[in-house]
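Let me begin by presenting the structure, written as structure tokens, before commenting on it.
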Amino acid sequence: MEIKNGIPVSPGVAIAPALVLDSESFRIPRRFIRKDEVDTELKRFELARAKALGEISDIRDSVHSVAKEEVGLIFDAHMRMLEDPLITREIPEKIKTKRYTPEYAVSRVFKKIVKPIKELNDAYFIQRVNDFYDIQKRLLRNLLGQRAHDLTELDRKVVVVAHDLTPSQTATLDKKMVAGFITDVGGATSHTAILANALGIPAVVGLGTISSDISGGDVVIVDGKSGRVIVNPDDATREKYEVRGQGYLDREKRMFEAASKALRTTKCGEKLNLFANIEWDDEIELANRLGADGVGLFRTEFIYSKFGAHPTEEQHYEVYRRAHTMLEGRTLTLRTMDFGADKFASEVGLEREENPFLGCRSIRLSLREPHLLITQMRAALRAAAHGPTKLMLPMIGSIEEFRAARQIFENVKTDLKREGIEHSTEVPLGMMVEVPSAAVMIDSFVKDAEFFSIGTNDLVQYTLAVDRNNQYVANLFKHTSPAVLRLVKQVIDAAVSHNRPVSVCGEMAGEARFAVILLGFGLRDFSVGPTALPELRTLLSRVTVAEACELAGKAMELDVADDIADLLDEEVKRLLPSEEFGE
């Protein structure tokens with residue numbers, strides 16, 4: 001028996017023999033064509049593109065029938081990519097002028113698209129590259145007449161093992177036969193992870209070399225909640241996980257039913273606001289369906305992955321305007337660009353840094369290259385004419401940084417007014433609290449910032465000096481650290497006492513065990529991933545503020561992180577008992 005740990009992306013337990021997929025590669029038969037072949041090859045490319053569009057449309061329709069409706073939006077995006085001028089114009093242009101074969105032209109153009117995104121050296125963007133690879137492979141398969149691995153006609157239940165799965169492969173998995181899947185690479189926010197969640201297929205990614213470590217036929221247990229994978233388990237372990245797996249079967253259904261009946265308040269009637277964290281504007285539809293009160297964090301970095309390192313004001317504006325259309329009057333909170341020089345240094349003329357996490361990133365980069373910030377602020381103010389908007393600055397570490405950004409903000413308002421461009425002047429400017437210096441000096445910031453959002457992921461990292469992606473110290477990354485909790489409480493106390501809205505938008509807000517202690521600290525605004533909303537609403541509707549305050553008081557008396565975690569876990573078990581939700 002062998003145990004491996006990866007990144008959990010879709011909860012549930014799967015137990016089945018392994019089906020190991022080989023890495024898919026394509027051999028380009030030739031690079032160039034004769035002049036008299038140009039018209040024929042152009043037609044061949046258009047035929048392949050049309051066929052790819054048809055296949056994606058079919059996948060989208062099938063996903064609509066078996067998963068959450070909005071998941072089909074991923075494939076709407078794939079279809080839009082196939083209609084993009086980079087595909088519809090540049091590939092035919094290379095065939096006509098450079099006499100490239102369609103296969104070689106496809107390879108060259110997609111390399112041009114993917115290269116700058118990969119150079120951002122950011123896990124979030126690397127996950128988005130998978131979508132482009134998916135489309136490229138589909139075009140090449142149609143051009144070369146090859147078939148993809150067929151996972152729709154399996155004759156036995158399996159756990160799929162692969163280096164990676166594209167969104168298309170994931171969407172076409174036969175739920176009756178694919179018990180779960182595990183991959184070498186991937187992340188929690190990839191479209192593959194989103195689809196696995198939507199389809200209810202237990203999945204663990206980021207396992208390193210699992211596709212080469214496992215042989216076809218090995219029995220595999222996948223625990224999609226903990227991220228644990230067990231290869232060839234003994235009888236006792238298998239029996240334990242069979243029992244555990246049974247508990248997951250109808251938990252989601254029961255949780256959604258409970259959330260639909262739950263109060264939008266605490267048990268004692270205290271009003272709560274549950275906002276959604278999103279990375280793509282398409283996710284707003286899911287957030288709406290799950291009852292989000294608005295968007296508490298729009299990570300605008302995806303705009304840069306779509307349009308490149310320098311999106312125009314109009315490109316920003318159209319994304320924000322579309323978001324407002326879908327929100328139908330609910331609040332949209334935009335976080336300005338949160339990159340560092342480690343991620344796209346060459347595009348903005350900066351050198352790479354020895355330690356980018358302590359370097360020119362986020363607000364520091366925006367203030368050093370103010371044209372980036374000005375473009376985004378202009379678009380946000382213009383889009384705010386279509387709905388309530390809040391603008392949030394990331395990684396603020398000093399009052400000087402915030403005031404410098406506010407001056408730019410005021411100058412942008414003046415410029416728009418002078419130019420006669422429609423915009424809203426009623427856009428609050430707030431900040432993320434994710435640097436310990438900001439939390440310690442919060443009494444100074446409440447005089448300037450109009451609202452706060454606590455980013456607990458970075459706050460934990462910087463407070464504890466722990467990189468959670470470093471396997472040697474990741475076990476030290478704990479949200480329940482007394483030091484972290486004291487800083488969080490200090491920020492909430494200061495914001496509440498000065499009548500400043502405050503939310504938590506990091507992982508802490510989305511985990512059930514932290515919700516009650518945050519409520520006890522005085523938090524009333526939570527911002528979480530959309531799929532966390534049902535559990536969070538159900539949990540908070542079952543506790544009174546007095547109970548939450550009592551729990552928070554007990555937790556703050558403890559000085560060991562694991563003891564605090566145990567205390568919080570017990571409270572969650574009381575409020576969300578396993579016998580009710582089948583876990």
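Kindly provide the trypsin sites (Lys or Arg not before Pro) of the range 398-450 that DSSP labels as loop, not H, G, I, E or B, and whose Cβ sees at most 16 other Cβ atoms within 10 Å.
Taking the range 398-450 and a limit of 16 other Cβ atoms within 10 Å, the loop trypsin sites (Lys or Arg not before Pro) found are Lys447.
Starting with the fewest neighbours, write out Thr325, Thr531 ranked by other beta-carbon atoms found within 10 Å of each beta-carbon.
Ordered from fewest to most neighbouring Cβ atoms within 10 Å, Thr325, Thr531 come out as Thr325, Thr531.
Over the Cα atoms of the range 442-532, Rg to Rh with Kirkwood Rh, two decimal places?
0.98
Can you spot the lysines whose alpha carbon is less than 21 Å from Lys111's alpha carbon? Ignore those fewer than 8 places along the same chain.
Lys94, Lys96, Lys98, Lys137, Lys306, Lys343
Quick check on the exposure proxy: order Asp458, Asp467, Asp134 from fewest to most C-beta atoms within 10 angstrom.
Final ranking by Cβ density, sparse to dense: Asp467, Asp458, Asp134.
Given the Cα atoms of the range 273-528, and with Rh set as the inverse mean 1/r over their pairs in the Kirkwood sense, what is Rg to Rh to two decimals?
Using only Cα positions, Rg/Rh for the range 273-528 is 0.95.
Among Phe402, Phe132, Phe357, which comes first, then next, by fewest other beta-carbon atoms within 10 Å?
Fewest-to-most ranking of Phe402, Phe132, Phe357: Phe357, Phe132, Phe402.
Would you kindly give the portion of the calculated P(r) for the range 347-446 that falls above 20 Å, as a percent of all Cα pairs?
For the range 347-446, the share of Cα pairs beyond 20 Å comes to 44 percent.
Since every read-out is calculated from the coordinates, none of them should be taken as a lab result. Owing to the predicted nature of the structure, the values given are computational and were not obtained by experimental measurement. No Cβ is skipped: glycine too gets one built from the backbone with ideal geometry, and neighbour counts run over all protein chains shown.
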